[in-house]
Amino acid sequence: MVYKNMKEALFIERTNRFSAFVLLEGETIQVHVKNTGRCKELLIEGAKVFLEPSDNPERKTKYSLISVYKGDTLVNIDSQAPNQVAAEALSEGRIPEIGDVTLLRREVKFGGSRFDLYFESGQRRGFIEVKGATLEEEGICKFPDAPTARGRKHVLELIDAVEAGFEAYILFVIQMEGTKAFYPHWQRDAAFSEALVKAEKAGVKILAYDCKVTVDSLHLLQKVFSSLEWIR
């Protein structure tokens, strides 16, 4: 996916889950943060960030905060981006574990949930739940960075989909390049992590892919080693 007319700024402070102050061209302005997660290890004072202007003249904030440098690594924190890059990669056949698809739909209801993606390929039918991951510690990506009851519910309902004859996948889109491995964040959300283990045992497939991140683009890159074991 591609962003347009990006602007470089310096991060000042986060005011709530949805907004922050940045220094843009010598002026302090309020921007929309497109990620309600904690992002405490990313959004620190003085960090270099990149903003996308809004084309909505009635919006309170003129810019959205899209990405931030953590050291030398550019991390995309746009929570709407993972679904888009996953759909693009699937349409182009770039996720070999799933293969070529003949039909791809978004936000398809099953049971009490709406799963991010639904696909068909010949006689195969399946659901994919996409999770964007931005928390990295010493080369290891972990999810979630905050407890997610909704995420756990989706994971468990994928088990129902498997039992109903569908394929089911959880795709963790790591919104940065160069991580060595992916693990669930047992310390932050043991209930979600346990749900992942239960789902995998029931036939739900767990995938993790990192991304090529530039100032104005985000694309799914390659599969990353993943394990559901507890790591400290």
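The values are calculated or read from the model by the stated rules, or taken from the named source; none is laboratory data. Nothing here was measured: the structure is a model prediction, and the numbers come from that model. All Cβ positions, even for glycine, are placed from backbone atoms using ideal geometry, and neighbour counts span all protein chains on display.
Filtered by the rule that a residue be surrounded by fewer than 16 Cβ atoms within 10 Å (Cβ to Cβ) and over 18 Å from E129 (Cβ atoms), the range 70-90 gives G71, D72, T73. Here is the figure for the range 91-123: residues that are more than 27 Å from M176 (Cβ to Cβ), part of a strand (DSSP E or B) and not basic (K, R) total 7. Among the residues of the range 45-69, just one is buried (at least 17 other Cβ atoms within 10 Å of the Cβ) and either among the acidic types (D, E) or assigned by TED's automatic domain parsing to the domain that holds G178 (or both), namely E52.
Hey, E157 hits all of (1) in contact with a Gly (Cβ under 7 Å, 6 or more places away or on another chain); (2) part of a loop (DSSP other than H, G, I, E, B) but one; which does it fall short on? Unmet for E157, out of (1) in contact with a Gly (Cβ under 7 Å, 6 or more places away or on another chain); (2) part of a loop (DSSP other than H, G, I, E, B): (2).
Out of E41, E52, I need the residue that is more than 20 Å from P144 (Cβ to Cβ) and not hydroxyl-bearing (S, T, Y). Which one?
E52
Within the range 177-232, the set of residues being within 16 Å of the chain's Cα centre (by Cα), part of a loop (DSSP other than H, G, I, E, B) and of a type in the set (F, W, Y) is empty. Residue check: E88 meets all listed conditions (1) more than 20 Å from the chain's Cα centre (by Cα); (2) not in a strand (DSSP E or B) but one, namely (1). The residue list E92, E25 contains one member that is assigned by TED's automatic domain parsing to the domain that holds F172 and either charged (D, E, K, R) or more than 19 Å from L220 (Cα to Cα) (or both), which is E92. Residue count for the range 106-133 under the criterion of being basic (K, R) and either within 30 Å of L74 (Cα to Cα) or surrounded by fewer than 13 Cβ atoms within 10 Å (Cβ to Cβ) (or both): the result is 3. In summary, E194 fulfils each of the numbered conditions (1) surrounded by 14 or more Cβ atoms within 10 Å (Cβ to Cβ); (2) touching a residue at least 24 places away in the same chain (Cβ under 8 Å) with the single exception of condition (2).
A146 fails exactly one of the following numbered conditions: (1) part of a strand (DSSP E or B); (2) at pLDDT below 95; (3) of a type in the set (G, A, S). What is the number of that condition? Checking A146 against (1) part of a strand (DSSP E or B); (2) at pLDDT below 95; (3) of a type in the set (G, A, S), the one that fails is (1).
Among the residues of the range 136-153, those identified as under 19 Å from N83 (Cα atoms) and surrounded by fewer than 23 Cβ atoms within 10 Å (Cβ to Cβ) are P144, D145, T148, R150, G151, R152, K153. Evaluation of W230 against the conditions (1) closer than 30 Å to E8 by Cβ; (2) at pLDDT below 95 shows that the sole unmet condition is (1).
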